[in-house]
Amino acid sequence: MRRIQVIICSVDDQAPDDMLELDCFELPTATIASLKPQLALDELETTTIETGNAILRRLLQVQWDALDERLMAYHRQVAATETTVADGRQPITVATRFGTVELSRRVCYHPVIQSHHVPSNVLLPPHGGMITTRGLQEWACLLPQELPFASVARLLGWQAQEPQLLAATTLRTLVRTHGAIIRQAEHEEAEAWVDRYDLALVDLHVVPHSEPRQHAGWPAELTAAVEAALQAEQPRPPDGVSWADWERVLAARRGETACSTDELRHLGPRVQADEVLLTVDEVLTRRPTPGQFLELRTARITTHAGSRYFSGSGAAFLQLLQVAVTAASGILNSLLVIADGARWIRTFFHTTLAVILSKKMVLDWHHLQQKCIDLSSQICRKKGTKVQLLRRLHRRLWRGDVPGA
């Protein structure tokens, strides 16, 4: 019976046939009698993942040992005339995407100055304990955007076949650390922009638009009913299509009859080449102390080429946003700000952005609806009258008919 082995060897460049075996991994041999038809592939997959992660961890150790040995030899060459003595090894634990790995570092001792030195520390980031690789940190920061920290910790443990790879508390610390790094980088970028006289030529490094993000106006199964209604030129929308969407469809069909039904499903505003869209908001998170909150201000600048997000707090965030908006707007572009109408946003719009002449600020749809509900409650006494008023009001506001509203 043949067995499957994975052998890690070092090869001498001068003698390619001279190979030194560093480690050997043997996959367990599965007998046909021990495999169950329903679980055979699952068991083989589990064995392959476990053995594969073990091989990857060993490969990392082997590469590190080679680098460590070369750094030790280099340190002895460039050291002062005193003699350096090897004085054991110092381990360091590293959390990687394929599990926890313990790396060994050579320690050298300088008798004359009576001090120890670890040459391979020059390759390591600043640390006070376990090191987490950049790849694992990226996973740890991206996954919490969609999942709770506890679920992310379990997912990372399953991926690496190591349940306690990173704790939920460690994930929170990594996210906070990366957020601080991003905000510091943005602050330094804004300071560099402030001294420039040619802000219109600054590259904002926007993320290009990959595909339109408008939600479909109706489910795909209603396409046939919409086509029939368009052919009949009926003013009333089919069941399942809102009045606002139907009015936009009719307007688009009158303006461009060649527009397909699928394009009509995703109608929506698009930023033109001479326009800049700025959306601003603020998130308040309650502190443990009663009445205290953590403030995080966010913004998104959208141009015809792409978009970019900004975050921060206080005056530093407003300075960054001012420079970025000025750079995006340039001389000829118009600016549209969509926000919830908070006082600091209004002050920023009217005072800080006063140099931008072609600009307009509108209330976002959620807060506009809430404002309409509050005012209609003061106007209408009966619920039915209030519902009818809001329906007509929202319909006109949605299509931008402010005088009609």
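Does the stretch 266-275 contain at least one residue that is surrounded by 14 or more Cβ atoms within 10 Å (Cβ to Cβ) and either in a strand (DSSP E or B) or in contact (Cβ under 8 Å) with a residue 60 or more places away in the chain (or both)? The answer is yes, given that some residue of the stretch 266-275 is surrounded by 14 or more Cβ atoms within 10 Å (Cβ to Cβ) and either in a strand (DSSP E or B) or in contact (Cβ under 8 Å) with a residue 60 or more places away in the chain (or both).
Under the condition of being of a type outside the set (Ser, Thr, Tyr) and in contact (Cβ under 8 Å) with a residue 12 or more places away in the chain, the residues counted in the stretch 1-42 number 17.
Tell me which residues, restricted to the stretch 280-296, are more than 17 Å from Leu353 (Cα to Cα) and either in contact with a Phe, Trp or Tyr (Cβ under 9 Å, 6 or more places away or on another chain) or assigned to a strand (DSSP E or B) (or both). Hits for the stretch 280-296 are Glu282, Val283, Leu284, Thr285, Arg286, Arg287, Phe293, Leu294, Glu295, Leu296. Here is the figure for the stretch 338-370: residues that are of a type in the set (D, E, K, R), part of a helix (DSSP H, G or I) and either loosely packed, with under 12 Cβ neighbours inside 10 Å or under 28 Å from the mean Cα position of the chain (by Cα) (or both) total 1.
Among residues of the stretch 8-51 being in contact with an Asp or Glu (Cβ under 6 Å, 6 or more places away or on another chain) and under 27 Å from Phe98 (Cβ atoms), the one that is surrounded by the most Cβ atoms within 10 Å (Cβ to Cβ) is Ile8. Taking the stretch 97-129 as the range and being aliphatic (A, V, I, L, M) and surrounded by 13 or more Cβ atoms within 10 Å (Cβ to Cβ) as the test, the residues that pass are Val101, Leu103, Val107, Val118, Leu124. For Ala305, the conditions (1) at pLDDT 85 or above; (2) exposed (fewer than 13 other Cβ atoms within 10 Å of the Cβ); (3) under 21 Å from Val206 (Cα atoms) are fulfilled apart from (2).
Return yes when Pro91 is assigned to a loop (DSSP other than H, G, I, E, B), closer than 19 Å to Asp65 by Cα and either in contact (Cβ under 8 Å) with a residue 24 or more places away in the chain or in contact with a strand residue (DSSP E or B) (Cβ under 8 Å, 6 or more places away or on another chain) (or both) and no when it is not. Spelling it out, it is not the case that Pro91 is assigned to a loop (DSSP other than H, G, I, E, B), closer than 19 Å to Asp65 by Cα and either in contact (Cβ under 8 Å) with a residue 24 or more places away in the chain or in contact with a strand residue (DSSP E or B) (Cβ under 8 Å, 6 or more places away or on another chain) (or both). Taking the criterion of being out of contact with any helix residue (DSSP H, G or I) (no Cβ under 7 Å at 6 or more places or on another chain), surrounded by 16 or more Cβ atoms within 10 Å (Cβ to Cβ) and under 20 Å from Arg176 (Cα atoms), the only residue of the stretch 309-335 that qualifies is Phe317.
It is to be established whether one or more residues within the stretch 97-112 are part of a helix (DSSP H, G or I), of a type outside the set (Lys, Arg), in contact with a strand residue (DSSP E or B) (Cβ under 8 Å, 6 or more places away or on another chain) and closer than 28 Å to Cys9 by Cβ. No, the stretch 97-112 contains no residue that is part of a helix (DSSP H, G or I), of a type outside the set (Lys, Arg), in contact with a strand residue (DSSP E or B) (Cβ under 8 Å, 6 or more places away or on another chain) and closer than 28 Å to Cys9 by Cβ. Yes or no: the stretch 378-389 includes at least one residue that is of a type in the set (Gly, Ala, Ser) and without any contact (Cβ under 8 Å) to a residue 12 or more places away in the chain. Checked the stretch 378-389: at least one residue is of a type in the set (Gly, Ala, Ser) and without any contact (Cβ under 8 Å) to a residue 12 or more places away in the chain. The set of residues from the stretch 98-146 being charged (D, E, K, R) and within 15 Å of Leu67 (Cβ to Cβ) comprises Arg105, Arg106. So, Ala273, is that one modelled with pLDDT under 85 and under 30 Å from Ser210 (Cβ atoms) or not? Answer is yes for this residue. Within the stretch 94-115, the only residue that satisfies the criterion of being at positive phi and free of Cβ contacts under 8 Å to residues at least 60 places away in the same chain is Gln114. Of all the listed residues (Gly179, Gly157), the sole one being surrounded by 14 or more Cβ atoms within 10 Å (Cβ to Cβ), more than 30 Å from Ala299 (Cβ to Cβ) and modelled with pLDDT of 85 or more is Gly157.
Let's see how each residue does on (1) surrounded by fewer than 15 Cβ atoms within 10 Å (Cβ to Cβ); (2) at pLDDT below 80; (3) not in a strand (DSSP E or B):
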position	(1), (2), (3)
Ala228	yes, no, yes
Gln234	yes, no, yes
Val249	no, no, yes
Arg254	yes, yes, yes
Glu263	yes, yes, yes
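Comparison of Phe317, Phe310 shows that the only residue that is under 16 Å from Glu191 (Cα atoms), assigned to a strand (DSSP E or B) and at pLDDT 85 or above is Phe310.
Of all residues in the stretch 8-50, those satisfying the criterion of being assigned to a loop (DSSP other than H, G, I, E, B) and either touching a strand residue (DSSP E or B) at 6+ places or on another chain (Cβ under 6 Å) or closer than 30 Å to Gln63 by Cβ (or both) are Asp12, Asp13, Gln14, Ala15, Pro16, Asp17, Asp18, Leu27, Pro28, Thr29. Inclusion of Leu222 among residues that are surrounded by 11 or more Cβ atoms within 10 Å (Cβ to Cβ), more than 34 Å from the chain's Cα centre (by Cα) and at pLDDT below 85 is warranted.
Restricting attention to the stretch 179-210, the residues being within 17 Å of Phe317 (Cβ to Cβ) and either without any contact (Cβ under 8 Å) to a residue 60 or more places away in the chain or of a type in the set (S, T, N, Q) (or both) number 7.
The values are calculated or read from the model by the stated rules, or taken from the named source; none is laboratory data. As the structure is a prediction and not an experimental result, all values here were calculated from the model. Every residue, glycine among them, receives a Cβ derived from its backbone with ideal geometry; neighbour counts consider all protein chains shown.
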